[in-house]
1. Mind listing just one residue for me: the one in segment 196-222 that is touching an Asp or Glu at 6+ places or on another chain (Cβ under 6 Å) and in a helix (DSSP H, G or I) and, of those, farthest from the ligand (Cβ to nearest atom)?
2. When segment 156-170 is examined, which residues are found to be farther than 10 Å from residue 114 by Cβ and either open to solvent by less than 80 Å² (accessible area, probe 1.4 Å) or modelled with pLDDT of 95 or more (or both)?
3. Can you tell me which residues in segment 112-168 are within 13 Å of the ligand (Cβ to nearest atom), hydrophobic (A, V, I, L, M, F, W, C) and over 18 Å from residue 235 (Cα atoms)?
4. Identify the single condition in (1) within 19 Å of the chain's Cα centre (by Cα); (2) buried (at least 17 other Cβ atoms within 10 Å of the Cβ) that residue 178 does not satisfy, given that it satisfies every other one.
5. Return the residue satisfying two criteria in turn: it lies in segment 25-50 and is within 16 Å of residue 14 (Cβ to Cβ) and among the charged types (D, E, K, R), and of such residues it is least open to solvent (accessible area, probe 1.4 Å).
6. So residue 12 ticks every box in (1) open to solvent by 30 Å² or more (accessible area, probe 1.4 Å); (2) at negative phi but one. Which box is left unticked?
7. Looking at residue 58, is it closer than 24 Å to residue 120 by Cβ, among the hydrophobic types (A, V, I, L, M, F, W, C), surrounded by 24 or more Cβ atoms within 10 Å (Cβ to Cβ) and touching a strand residue (DSSP E or B) at 6+ places or on another chain (Cβ under 9 Å)?
Amino acid sequence: MLSKQIALVTGANKGIGFEVSRQLAQTGIKVLMGARNEKNGLDAAIKLQEENLDVEFILLDVTNSEHIKNVREYIEQHFGKLDILINNSGMISSAKKVTNNSVETISQKALRQTFDVNFFGAVELTHELLPLIKKSNAGRIVNVSSIMGSLTYQSATDGYKPFAYNASKSALNQFTIHLAAALKNTSIKVNSAHPGWVKTDMGGPDAPMDAKEGAKTIVRLATLESDGPTGKFFHLDEEIAW
Ligand code: NDP
């Protein structure tokens, strides 16, 4: 089996996930770029291959259990291990309509859809891939969260409060804490990342950071040395409150 490091990035066809794929591949890591839309995923992978980067597209809708199993089988057969898992896929429900995001009015459907992508998808994928991550000698799991999921931050601000998104990211943070604790006697590190407010389809055009900067926190946590932190929440080099 190959000794080259292998990473899987979910939602890698655009935005922060695309840039994380580029930056990881630039360090010599082979990157599997997960995307739920075949054409968008292939186009994204071709763009990075044209930069001479070692990436390939893999079909992955994180709400599709068949896709998740196929991804596990593919990685098992071709690489025998997974070194880095970036749970980056995310959605915010009908962001333009404030009522669709209010805690008082959000529909059960929107709430469940958001949790399916932002929380259950990440948990199911991680469960499926954990045996392969345990075969790495330096497994790294990064859950792409948001400051919006910080209970400390939310309880101190009257700002924009999209309920489904924020609650799903708080739940994802619990997953980080619980998984890091469960794996504390292994070499695997599990952390949550807040990328910052980033100019992407989700972040919108007014965001102050570009995707290149937005990828930095995630790439740092994906490539932590063996004495690096686990079970923490970071923005760039700074630990932030849960
Ligand atoms: P984008 O909307 O640009 O990208 C989101 C990615 O997630 C897309 O590739 C999208 O695929 C994918 N995705 C959505 N649903 C699924 C699914 N069911 N299965 C697989 N992939 C899926 O957003 P960003 O790049 O900005 O966001 C990336 C992460 O960063 C998210 O987790 C987000 O919550 C987080 N974040 C972003 C911030 C920002 O300011 N931008 C701030 C804080 C956190 P498709 O193209 O097919 O829709």
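The values are calculated or read from the model by the stated rules, or taken from the named source; none is laboratory data. All figures in this text were calculated on a predicted structure; none of them were measured in a lab. Using ideal geometry, Cβ is built from the backbone for each residue, glycine included, and neighbour counts are taken over all protein chains shown. Note: areas computed on protein heavy atoms with side chains; ligands, DNA, RNA excluded. Shrake-Rupley method; radii C 1.70, N 1.55, O 1.52, S 1.80 Å.
1. Filtering first and then ranking leaves 212.
2. Correct list: 156, 157, 159, 170.
3. 115, 117, 119, 120, 122, 125, 164, 167
4. (2)
5. Per the stated criteria, the residue is 43.
6. Every listed condition holds for residue 12 apart from (1).
7. Criteria not met by residue 58.
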